[in-house]
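Working notes for the structure below.
The values are calculated or read from the model by the stated rules, or taken from the named source; none is laboratory data. Here the structure is a predicted model, which is why all the values come from computation and not from measurement. Here the Cβ positions follow ideal geometry from the backbone for every residue, glycine too, while neighbour counts run over all protein chains shown.
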Amino acid sequence: MKKMTGPVFRKLKSVPAAAMLVFSVSLLLSCGRPAVVTVESSSCGDAVLFDRNSGTLYTVVSRVQEELLFREKPSDGEIEKAACVIENGMSEKDGGGNFIGTKPLLGVLDLCRIRDGKCETLLPGFASYDPAISRGILDSAPKELLKGDQNMGRIGILLPLYKAGLGTCDWAVFDPAGRTLHSLGSPGAPAAELSGTMRCGGESVLYRGEREYAITHPSWPVAATLSHEGKMVLFSWPDCRKLYEAQGVYSFCFHPSLKILYYGSKEGLLALNWEKSGKERVRKLSREPVRMIRISSKGSYLFTLGIGGRPRPAVIALTRAGLYAEEPLELRKKYGEASDWTWLDDKILFIFFKYPGSAFYWELNARKGEFSETVLDNAVHDVSVIASNASPTIVKTDSSSKNDPFPVLEWYDPAAAAFRPVRGMPEKKRALAH
């Protein structure tokens, strides 16, 4: 067998998001055997997570290695055409007469940090997949792991492992400073470090367990979980001492600085101060049951949506003690028809609308009662709220460039009050053996 060496890298594109691909190619030829080109592709799933305190973006990168099989030594053009075929999910016959097909080798997930325009891998290969049976789960994992409400706080970054098909445990906590991964734990089962590589056996990600949702406090080492059936559990971390439990809960949200957990139940909207006792521990703020609660960055306002056919969107001003300052301000029905909502800071509410023929977002100033509108091109722009934290993450893909076949990933910078391209993701490269 003759091994050809000396691959030459040719820069094709600098892509900050999902379309980034890194091809490491080794061409192996032997008489009577197909020519084999090993290809490694990577993707971040159009998702990043923003930490305002450190000015850092976090992302999960999926990497897949596959072999391209050819009847005889392929040309550079044939390799490029075959790579485009697998990238776009096309049939092998579209790769030309010399291209036979592909053979999946392995797939892994890396957790990375982007700071000052540079990407650094913090947790390489923390999960592995068989691309032959788990490619769909692997492709969706980067975004599914980062999406959530209040998933970044004092204890670290919450990762819903069950959404990535990982059966080691349902939730994990990543500590960026220590670069360690721990189980979230539960009352009676303290958090434990997760070492080694977790493996996905191709299982379905459908999950109806005790902890379908989880949030962590921005300022205190506590977490809360919520089951599909409405069981809420609040506990300390990492010792996982139970602090409170309730049934029939629809939604929950931590105050960014106070030891208060807001939650909506059949009884209405309640505020739990877990360090108090008696009547002061749980205060009923409203009789209106709510299915969504979003809080501004410093806790001056709540945004809520009611249950049932009428969402009854409302903005609620809070006192410094975290209680109602005045009666809720019910917004027009239009506000409840949006695709997503999140607070940009302590006064501006971001509201995104997407319809078949149009897309736009509003920025509502809760103090002044005024809003501005930004219209998007529905054909080339797509907006997603990745996480609603004290420093929220909103991303936008832009495919308007005619010279660029891949969308550009942008994130909303609250300081600049504008979308900015993500800088620092690895460049798209392709190595062609000569």
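Descriptive notes on the structure:
Yes/no per residue for (1) in a loop (DSSP other than H, G, I, E, B); (2) among the polar types (S, T, N, Q); (3) touching a Gly at 6+ places or on another chain (Cβ under 9 Å):
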residue	(1), (2), (3)
LEU258	yes, no, yes
ALA271	no, no, yes
THR304	no, yes, yes
ARG312	yes, no, yes
GLY322	yes, no, yes
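- From the list ASP116, ASP149, the lone residue that is more than 15 Å from VAL61 (Cβ to Cβ), in contact with a Phe, Trp or Tyr (Cβ under 8 Å, 6 or more places away or on another chain) and of a type in the set (Asp, Glu) is ASP149.
- Residues of the stretch 275-297 satisfying the condition of being outside any loop (DSSP other than H, G, I, E, B) and free of Cβ contacts under 8 Å to residues at least 24 places away in the same chain: GLY278, LYS279, GLU280, VAL282, LYS284
- Applying the criterion of being at pLDDT 95 or above and among the hydrophobic types (A, V, I, L, M, F, W, C) to the residues of the stretch 293-314, the residue that is surrounded by the fewest Cβ atoms within 10 Å (Cβ to Cβ) is ILE293.
- If the condition is being at pLDDT 85 or above and buried (at least 21 other Cβ atoms within 10 Å of the Cβ), then the stretch 10-36 contributes only ALA35.
- Residue count, the stretch 37-69 (criterion: in contact with a Leu (Cβ under 9 Å, 6 or more places away or on another chain), in a strand (DSSP E or B) and either at pLDDT below 90 or among the basic types (Lys, Arg) (or both)): 12
- With respect to the conditions (1) of a type outside the set (Lys, Arg); (2) at pLDDT 90 or above; (3) crowded, with 19+ Cβ neighbours inside 10 Å; (4) at negative phi, GLY178 lacks only one, and its number is (3).
- Verdict on GLY125 being under 20 Å from TRP237 (Cβ atoms) and not basic (Lys, Arg): no
- When LEU305, LEU349, LEU344, LEU323 are screened for being touching a residue at least 24 places away in the same chain (Cβ under 8 Å) and within 19 Å of ILE260 (Cα to Cα), only LEU323 passes.
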